[in-house]
Amino acid sequence: MTRLIDIEELADYLKLKKQTIYNWLHQRKISGIKVGGVWRFDRKDIDAWLKSKRRLSETGEN
């Protein structure tokens, strides 16, 4: 079973402020699941998103 993390855990994991995560959600840069009014994130999805960004930066794209 996949363990979902909350926005605070994600911000800590990415070493970002929670407001940045909220901004990215609003801009649809990242995806999450809203459960009971609280955002949750699948760590595997976040890791895959990070890998895709790394590959883009290695090729010089944004």
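Computed from the coordinates by the stated procedures, all read-outs in this text should not be read as laboratory data. Not measured: the values here are computed from a predicted model. Cβ coordinates were reconstructed from backbone atoms using ideal geometry, including for glycine residues, and neighbour counts include every protein chain displayed.
Run the dipole for the chain about the Cα centre, Lys and Arg Cβ at +1, Asp and Glu Cβ at -1, nothing else charged, and hand back the magnitude in debye, nearest 20.
Working: 14 positive and 9 negative charges, 18 e Å.
Using Cβ point charges on Lys, Arg, Asp and Glu, the chain gives about 80 debye.
At q = 0.15, 0.21, 0.25 Å⁻¹, what base-10 log of I(q)/I(0) does the Debye formula yield for the chain when every alpha carbon is treated as an equal point scatterer in vacuo?
With one equal scatterer per Cα and no solvent, log10 I(q)/I(0) is -0.47, -0.87, -1.15.
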